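No lab work stands behind these numbers, since they all come straight from the coordinates. Predicted model, so just to flag it, every value in this text is computed and none were measured. Neighbour counts are summed over all protein chains in view; Cβ atoms, including those assigned to glycine, are modelled from backbone coordinates with ideal geometry.
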Amino acid sequence: MRTLVVGDLHLLGSTVLPLVTAKLSDLAVDQVVLVGDYFDQWSETGNSELYQRELVFLTDWVTALRAQGTPVVCLLGNHDVPYLTGSLSHYSSADPVVGRKISAGLFQLGCQLALKSDGYLLSHAGFVDTEAPEPWYFAPLSREHLSDLNRLEHNVGFSRGGLARWGSLLWADFDTELSGYFNPDYPRQIVGHTPVPQLTRECAGGTIIDVDTFSLFSNHRPIGNGDLLLLVEGRVQTISTDFIQALAIKQAQGDLFPPSSQNWF
Ligand SMILES: [Mn+2]
């Protein structure tokens, strides 16, 4: 199995996903995994048109790939779950139309919490200490699990501003929680959630890899280099992309996050 893993998107799908498309045939990819956090971006919370445009781009992109026979697994991140549960965060879009459309879109995509592939456990933020996946994490989310999902979304550790001892698989911080205290039953994990300059690997008794290379600083400059991860029969390869150039071109054209024509916030 050849699995291409894509980090957090945060309303950058229309910039990032074409770069992913360009790699698929050369790399003979069998399966694509998106690690979640499709929505929310610094200073764009009120840009409802951006949210809706990126939602359509994401669902169209995933639907087209699946129709062509390439499975796409869409994991859920802490920035996605509030739109499903209705328990919005300070960083969520407060527009009820946006929220309703995102919720419908995430259900349509069949988003799930975790995936096992080639000996690795993939999730948005990872499994710390005794946190372990339950069977429903591996299936497309159904409405009966929304209260469980809400509980996981509110399980935030100290280092991310919460009161829990550890963050859940939606919140575990890579540096302070996951890399040092991963669940020893799952020593091979791939996650997003914590922005990194490049694919980051911790090997203190395990192989814990962070793929969150598309996240931006609050001034919309890139933190990461836009690398992707290719998992081939249990081995990991780094796949570089033109993310930095693509981002710079869109920024120069004022086309990265075009302002909403009805931006009341
Ligand atoms: Mn994120």
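Just a few scattered comments:
- Integer Hz, Karplus 6.51/-1.76/1.60 couplings in order for the stretch 84-93, x for Gly and Pro: 7, 7, x, 8, 6, 9, 5, 9, 7, 5
- Based on C-alpha pairs under 8 angstrom that are at least 6 apart in sequence, the stretch 140-236 has a relative contact order of 16 percent.
- The lysines whose alpha-carbon is closer than 21 Å to the alpha-carbon of LYS250, local same-chain residues fewer than 8 away aside, are LYS23.
- Global form of the stretch 122-265, assessed from the alpha-carbon gyration tensor, a/c cut-off 1.5: oblate
- Global geometry of the stretch 172-237, whether rounded, prolate or oblate, following the gyration tensor of its Cα atoms and the 1.5 cut on a/c: oblate
- Potential extension, ILE244-LEU146 segment - 0.36 nm per residue separation minus Cα distance: 31.6 nm
- Ordering ILE190, ILE239 by the number of other Cβ atoms within 10 Å of each residue's own Cβ, fewest first, gives ILE239, ILE190.
- Length-normalised contact order for the stretch 2-252 - Cα pairs under 8 Å, 6+ apart - percent: 20
- Estimated vicinal HN-Hα couplings, Hz - the stretch 235-248 in sequence order (Karplus 6.51, -1.76, 1.60; Gly, Pro = x): 9, 10, 10, 8, 10, 7, 10, 8, 4, 4, 5, 4, 5, 4
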